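*Asks:* Pasting a structure here, questions to come.
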Amino acid sequence: MEFLKDLGLKKNMPGAATGTDWLTHKNHQKSAVCSPVDGKTFAYIQKATAEDYEQVIETAGKAFSLWRNIPAPQRGDIIRKIGSRLRDFKGPLGSLISYETGKPIQEGLGEVQEIIDICDFCVGQSRMLYGMTTVSERPHHRLYEQYHPLGIVGIITAFNFPLAVWGWNAMIGAICGNVSVWKPSSKTPITAIAAQKIIAEVLKENSLPEGIFSLLIGDRDVIGERLLGDRQVPLISFTGSVATGRRAATTVAARLGRSILELGGNNAIIITEHADLRLAIPAVVFGAVGTAGQRCTTTRRLIIHDSIFSKVKKQLIKAYESIQIGNPLSATNHMGPLIDQDAVQSYIRAVKAIQKQGGEILHGGKILEGTPYNASCCYVEPTLAVVENHFPIVQEETFAPILYLVRYTGEVSEAIALQNQVRQGLSSAIFTTDYRQAEMFLAATGSDCGIANVNIGTSGAEIGGAFGGEKDTGGGRESGSDAWKAYMRRQTVTGNFGSSLPLAQGIRFDIT
Ligand code: UN1
């Protein structure tokens, strides 16, 4: 595996770093890292300890005092250099992501491109940390807003996007003048180590101190809980399941910290009687099968007009039959394995629940056995099932390639109501060539999700927009647009350049 060598990765590696400095001591517990692609252990990491945590936070605090004083465009220039270094390593990083997560190589490369894009975005944004200016109600007064850095940003990321989601948070956070401490998923620590090594080089070449970007790979009770409860960390960005996110948010809220939550989705595509199926079918298949159904934005439900239901069903079955499943590093495969055995078990539980609750499996529903699949036992068949939207299993997010087909009969408003009848609110899409239907979907009474697409699937958002969703998805926004504002503290300034002291609201307070 050339890519491991190209990235300078060894068999045994420390899991905690303050920048270029990797923390090594003999109290570390070793943990094996196994690929879902072939079931092989390809590295060992030393898990971060409570002492490492203290050291990392102390170093980060010191770095913040310096980093916040560097002009934002100069901070942007460092991110430009990081982006350029990531470009150099796009190939090996893409392969590593593919091997560590099981996502197809195309998607691995796409994920590296996503962090490169966010770096480019950050270079520009670093010159645009705009504050608003308004007018004062008092004579000779000035009223405006400015944005200041917050401090240490704790970034907790999931296995499915082991690089890009950290990039959204760490790079935006950095141009805002913050430093970050990253706790990646313990299912994908090697991508995090590779990223840390790449940026460490840039930091060193630019004589920057330790602590601007730190890494802590460790257990939830040792690292995660400490980070969530730590008053020295004013902002936590958390990506993961609704259940874990709810707990994380509660801990952060108890200390009145700020959190950005990007939790589960239960994303639907509406296919109306006016849909162009030449666009809809490939979008649905990529949305449902991409990353083996393990994106927050994965298409989980299809809400299809009755008049075209059997046509769509037939075309989907045909498309699913043509899906190549196997080693994701081979460019001809569309789908690799699930991340681990727990994921396979939840897939199986969902398939059983579909049948028990009255659904019909149209395609798939089984674990793939035999060579090469049984090398890791994480490969499953992408699955299509006809269900009703209210089934308890359909209301849940199962992180697996299971696509639910739901029928609607009347107007598009009926489809929109079904699409909104779940607790999650991340991504949504409609396929229609009818302008009125599209606008109904986008109106205030339309989709209740953070992302609403027309003639585009639910996954694969560009970095330029704000990314996140409503309801149980947690309400956070990351990545582009003005998401940077959540990483800063807003300060309202009123200045008096007159020679009297008029009070607002016309209050009189005369003293002699
Ligand atoms: C995620 O699944 O947590 O929109 C992020 C997408 C990707 C990001 C997904 N750009 O599918």
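The values are calculated or read from the model by the stated rules, or taken from the named source; none is laboratory data. Model, not experiment: these values are computed from the prediction. All Cβ positions, even for glycine, are placed from backbone atoms using ideal geometry, and neighbour counts span all protein chains on display. Surface areas here come from the heavy atoms of the whole protein model, side chains and all, with no ligands, DNA or RNA. Shrake-Rupley method; radii C 1.70, N 1.55, O 1.52, S 1.80 Å.
*Asks:* Over all directions, how big on average is the projection of the convex hull of the alpha-carbon atoms in segment 102-215, in square nanometres?
*Replies:* Mean orientational projected area (segment 102-215, Cα hull): 9.4 nm².
*Asks:* Normalised by the number of residues in segment 355-408, what is the relative contact order in percent for Cα pairs under 8 Å and 6+ residues apart? The partial results should precede the final answer.
*Replies:* Details: 76 pairs, mean separation 18.4, N = 54.
After rounding, I find 34 percent.
*Asks:* Next up: Which value in nm describes the separation of the simple spin-label points at Lys10 and Lys352, placed 7 Å from the Cα toward the beta carbon?
*Replies:* Inter-label distance under the simple model: 4.5 nm.
*Asks:* In square nanometres, what is the average projected area of the Cα convex hull of the chain?
*Replies:* 27.7 nm²
*Asks:* Okay, next question. Can you give me the accessible area per residue for the chain, using a 1.4 Å probe, in Å²?
*Replies:* Computed with neighbouring chains in place, this is 42 Å² per residue.
*Asks:* If you don't mind, there's one more thing I want to ask. Pick out the long, greasy-scoring helices in the chain: whole DSSP H runs spanning 20 Å or more along their own axis by Cα, mean Kyte-Doolittle at least 0.0.
*Replies:* For the chain, where a helix must reach 20 Å along its axis and average at least 0.0, the hits are 105-125, 189-205.
*Asks:* A follow-up question, please. Taking amide H positions as placed in the peptide plane 1.01 Å from N, state which residues far from Leu405 in sequence (5 or more) or on other chains have amide H under 5 Å from it.
*Replies:* Here Leu302, Ala385, Val386, Val387 satisfy the definition.
*Asks:* On to the next question. Can you pull the three principal axis extents for the Cα set of segment 157-204, in Å, largest first?
*Replies:* Sorted from largest, the Cα extents of segment 157-204 read 29, 20, 14 Å.
*Asks:* Could you tell me the accessible area of Met440 in Å² (1.4 Å probe, neighbours in place), rounded to the nearest ten?
*Replies:* Estimated to the nearest 10 Å², Met440 gives 90 Å².
*Asks:* At a 1.4 Å probe, what is the % contribution of carbon and sulfur to the accessible area of segment 267-465?
*Replies:* Of the solvent-accessible surface of segment 267-465, carbon and sulfur hold 52 percent.
*Asks:* Residues of segment 440-455 with backbone nitrogen within less than 12 Å of a virtual label 7 Å along the Cα-to-Cβ line of Asp276, please, listed as ranges.
*Replies:* Label zone hits: 455.
*Asks:* When the helices in the chain are scored as -39500 (n - 2.57) per DSSP H run of 4 or longer and the sum is shared across all residues, what 222 nm value do you end up with, to the nearest 500 deg cm²/dmol?
*Replies:* The helix contribution divided over the chain gives -11000 deg cm²/dmol.
*Asks:* Treating only the Cβ of Lys, Arg, Asp and Glu as charged (+1, +1, -1, -1), what charge dipole size does the chain show about its Cα centre? Round to the nearest 20 debye.
*Replies:* 680 debye
*Asks:* Another one. Apply the Karplus parameterisation 6.51 cos²θ - 1.76 cosθ + 1.60, with θ equal to phi minus 60°, to every residue of segment 220-235 and state each ³J(HN,Hα) to the nearest whole Hz, in sequence, with x for glycine and proline.
*Replies:* 4, 6, 8, 9, x, 5, 4, 4, 5, x, 8, 5, 6, 10, x, 9
*Asks:* On the Cα set of segment 267-465, report Rg and Dmax in Å, please.
*Replies:* 16.2, 51
*Asks:* In bins 10 Å wide, starting from 0, what share of all Cα pairs of segment 287-403 does each bin hold, as a percent?
*Replies:* Histogramming segment 287-403 at 10 Å steps yields 14, 47, 32, 7, 0 percent.
*Asks:* How much of the DSSP beta bridge set in segment 267-465 is antiparallel, as a percent to the nearest 5?
*Replies:* Looking only at bridges with both residues in segment 267-465, the antiparallel portion is about 15 percent.
*Asks:* Whenever you get a sec, compute what percent of the accessible area on segment 1-112 sits on carbon and sulfur atoms (1.4 Å probe). Please report the intermediate quantities before stating the final value.
*Replies:* Values: 2390 of 4870 Å².
It is 49 percent, rounded to a whole number.
*Asks:* Roughly what % of DSSP beta bridges within the chain run antiparallel, to the nearest 5?
*Replies:* If we restrict to bridges inside the chain, about 40 percent are antiparallel.
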